[in-house]
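*Asks:* One structure, pasted below without further comment.
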Amino acid sequence: MNARTEIERAMRAAAPHALVETVRDALVAAYDARSVQVLLADYGMTVLRPVGAAPEQDRVLSIHNSPQGRAFGSQRPQEEPAGDGGQVERHFPVTVRGERLGILSVRLPADAVTPQIREELAHVADLLGREILVADRATDHYRRARRTNRLTLAAEMQWQLLPARAFTAAEYAIGAQLEPAYAIHGDNFDWASDGDHLTVSVTNGWGEGIQASLLSNLAVNALRNARRAGIGIADQAALADQALYEQHRGHAHVSTLLLRFDLATGEVGAVDAGSPQLWRLRGGAVTRVELDAQLPLGMFEESQYVTQSLQALPGDRLLLVSDGVYDAVSPQGEAYVERGLARVILGTRLLPAASVPGAVLRELADYRAAETLDDALVVCIDWFGRQGSDG
């Protein structure tokens, strides 16, 4: 049995909370590793925190200004000299289908680092990511490691509800981020894909704190329930609208934007039921995609919704943004949508979809130049289209 197979079996047999220790022991035995560290990105996607480190070793590393952060941002292994005696430290991205989780750092004797060992360690990092996602269902160990501060209860509910923050498929790549990450209220995103379609939604629950989070939870689960029954997005909106109205009788509502992509053709169905906006970068030009405005979910009894048709072309970049983004103002009172949003969409055109939301939100924070309690959400979709099709 080779080292890779032994490590894989050890990880699969490990207790959910003990993955890091299991990987560390296996890499020491197989490759004479001098140290092994697993770092996870925090909820704000600003720092990397070590998993299972002793208190004196529990120091955070910047995602934007460290070798580990450069490996995380570029999604390519990075190497640097380490310690005495000719050792090197190699940093491997821990990523699952586009979802960037963190970094596996392994310190080895320099003369032991061969191309084959680099390849095997990269495979270990990939496998570790998948095992962490599975282990997350049974332990809080990795969720605790992702926190630099305590989440508010509303934020805890929202993050628990969310899918992955990034995903990559042959036809598209998608990324999303929420701010303020540790105190989010009602903004939420969701997506799901099968062999034929990708469905994406952005929701914004009315109100603040727990009230907004509860509204978004009800709306997202109602939309999921309808989607999983094989219902189209107009009827998904209608059924979620009924669920919200039955609970709140019109006294609370949820703004929602629903998109459904046909993966073979690039045809997009859209239902605009509230405040989230859709922007498109196509051929170097940034435009807002004007959609037919319909009623927010839960405002009136038995509202009817209509699907509008769009066409995504290979090379398109679509951004879904909440009102906390486009309604933000500078200290001089200038709206971000008028001065900054198109510029930052164009300025981030070379970044991968997973990196764009964070870049937009950082630029937004600089534009506001002040703390805000408003939720801000960005979802970025890069459309590649299906090879051999017209979409």
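The values are calculated or read from the model by the stated rules, or taken from the named source; none is laboratory data. Nothing here was measured: the structure is a model prediction, and the numbers come from that model. Cβ placement follows ideal geometry from the backbone for every residue including glycine, while neighbour counts extend to all protein chains displayed. These area figures cover heavy atoms from the full protein model, side chains too; ligands, DNA and RNA do not enter into them. Shrake-Rupley method; radii C 1.70, N 1.55, O 1.52, S 1.80 Å.
*Asks:* Can you work out D for segment 282-350 in µm² s⁻¹ from Stokes-Einstein, where Rh is the Kirkwood radius over C-alpha pairs, the temperature is 37 °C and the viscosity is 0.692 mPa s?
*Replies:* Value of D from the Cα-based Kirkwood radius: 222 µm²/s.
*Asks:* Charges on Cβ only, +1 for Lys and Arg, -1 for Asp and Glu, centred on the Cα centroid of segment 8-131; of Gln37, Leu27, Gly102, which one is farthest towards the dipole's positive end?
*Replies:* The Cα lying farthest towards the positive end belongs to Gly102.
*Asks:* Further, regarding this structure: Please list the equivalent ellipsoid semi-axes of segment 1-77, computed as the square roots of five times the alpha-carbon gyration tensor eigenvalues, in descending order and whole angstrom.
*Replies:* Semi-axis lengths for segment 1-77 are 25, 15, 12 Å.
*Asks:* How long is the gain from Ala192 to Arg362 if the chain were fully straight, where each residue apart is worth 0.36 nm and the alpha carbon distance is subtracted?
*Replies:* Contour length minus the Cα-Cα distance gives 58.5 nm.
*Asks:* If you average 1/r over all unlike Cα pairs in segment 267-391 and invert the result, what Kirkwood radius do you get in angstrom? Display every interim value, and only then the final one.
*Replies:* Details: mean 1/r = 0.0632 Å⁻¹.
Evaluated over segment 267-391, this radius sits at 15.8 Å.
*Asks:* Using a 1.4 angstrom probe on the protein heavy atoms only, could you order Phe384, Phe189 from most to least accessible area? Could you put the intermediate results ahead of the total?
*Replies:* Values: Phe384 95, Phe189 0 Å².
These residues rank, largest area first, as Phe384, Phe189.
*Asks:* Return the distance in nm (one decimal) between the two label points of a simple spin-label model at Arg249 and Ala110, each offset 7 Å from Cα along Cα→Cβ.
*Replies:* Result: 7.6 nm between the two label points.
*Asks:* Still on this model: Debye sum, Cα scatterers, segment 207-277, no solvent: what log₁₀ I/I(0) at q = 0.23 1/Å?
*Replies:* -1.05
*Asks:* Moving on to the next point. For Arg130 paired with Leu346, estimate the spin-label separation in nm (one decimal), with each label point 7 Å from Cα along the Cα-to-Cβ line.
*Replies:* Distance between label points: 4.3 nm.
*Asks:* By per-residue mean of other Cβ atoms within 10 Å, what is the highest-first order of 42-50, 127-135?
*Replies:* 42-50, 127-135
*Asks:* For the chain, what is the Kirkwood hydrodynamic radius in Å, using each pair of distinct C-alpha atoms?
*Replies:* On the way: mean 1/r = 0.0450 Å⁻¹.
It works out to 22.2 Å.
*Asks:* Let me ask something else. For Arg9 paired with Ser74, estimate the spin-label separation in nm (one decimal), with each label point 7 Å from Cα along the Cα-to-Cβ line.
*Replies:* About 3.6 nm separates the two model spin labels.
*Asks:* When N counts the residues of segment 138-250, how does its alpha-carbon radius of gyration compare numerically with 2.2 N^0.38 Å, as a ratio?
*Replies:* Scaled against compact globular proteins, the figure is 1.14.
*Asks:* Also: If I model segment 86-185 as equal point scatterers sitting on the Cα atoms and use the Debye formula, what is log10 I(q)/I(0) at q = 0.15, 0.19 Å⁻¹?
*Replies:* Relative scattering, expressed as log10 I(q)/I(0), comes to -0.76, -1.03.
*Asks:* Now for a different question. Roughly speaking, what % of Cα-Cα pairs in segment 115-164 are separated by over 13 Å, rounded to a whole number? Write down the numbers at each step before the final one.
*Replies:* Working: 853 of 1225 pairs.
Result: 70 percent of Cα pairs exceed 13 Å.
*Asks:* Report, as a whole number in µm² per second, the diffusion coefficient that Stokes-Einstein gives for segment 165-211 at 4 °C and 1.567 mPa s using the Kirkwood radius over alpha carbon pairs. Present the calculation step by step, with values, prior to reporting the outcome.
*Replies:* Numbers: Rh = 12.4 Å.
Estimated via Stokes-Einstein, D reaches 104 µm²/s.
*Asks:* Restricting attention to the alpha-carbon atoms of segment 245-285, what are Rg (one decimal) and Dmax (integer), both in Å?
*Replies:* 15.0, 45
*Asks:* Nearest 0.05, what FRET efficiency do Arg150 and Thr46 give at R0 = 22 Å with Cβ-Cβ as r?
*Replies:* Approximately 0.85, to the nearest 0.05.
*Asks:* With a/c under 1.5 counting as rounded, go ahead and sort segment 262-301 into rounded, prolate or oblate using the C-alpha gyration tensor (a ≥ b ≥ c being the square roots of the eigenvalues; past the cut-off, prolate if a/b is larger than b/c, else oblate).
*Replies:* Working: a/c = 4.13, a/b = 1.66, b/c = 2.49.
In terms of gyration-tensor shape, oblate.
*Asks:* Still on this model: About its Cα centre, what dipole magnitude does segment 214-266 give when the only charges are +1 on Lys and Arg Cβ and -1 on Asp and Glu Cβ, stated in debye to the nearest 20?
*Replies:* 120 debye
*Asks:* Which value, to two decimals, describes the C-alpha radius of gyration of segment 1-135 once divided by 2.2 N^0.38 Å?
*Replies:* 0.98
*Asks:* Provide the descending list of Cα extents for segment 209-346 along its principal axes, expressed in whole angstroms.
*Replies:* Projected onto its principal axes, the Cα set of segment 209-346 covers 44, 44, 22 Å.
*Asks:* In percent, how large is the relative contact order of the chain, given Cα pairs closer than 8 Å and 6 or more residues apart?
*Replies:* Relative contact order for the chain comes out at 14 percent.
*Asks:* Please list log₁₀ I(q)/I(0) at q = 0.13, 0.17, 0.24, 0.32 Å⁻¹ for segment 326-369, using the Debye equation with identical point scatterers on the alpha-carbon positions.
*Replies:* Calculated log10 I(q)/I(0) at the listed q: -0.26, -0.43, -0.77, -1.14.
*Asks:* With the full set of protein chains in place, find how many percent of the accessible area of the chain is carbon and sulfur; take the probe as 1.4 Å. Intermediate values should be presented prior to the final figure.
*Replies:* Details: 8460 of 17660 Å².
Exposed carbon and sulfur together represent 48 percent of the surface.
*Asks:* DSSP H helices in the chain with Cα extent of 20 Å or more along the helix axis and mean Kyte-Doolittle hydropathy at least -1.0?
*Replies:* Span-like helices in the chain: 115-135, 209-228, 233-248.
*Asks:* Something else now. Where the centre of each part is set by its Cα atoms, how far does segment 79-141 sit from segment 190-237, in angstrom?
*Replies:* Result: 35 Å between the Cα centres.
*Asks:* Can I ask one more? Under 10 Å, Cα contacts only: if you run a Gaussian network model on the chain, which one of Ser275, Ser213, Ser193 comes out with the highest mean-square fluctuation?
*Replies:* Ser193
*Asks:* Leaving out ligands and nucleic acids, note down the accessible area per residue over the chain with a 1.4 angstrom probe, in whole Å².
*Replies:* 45 Å²
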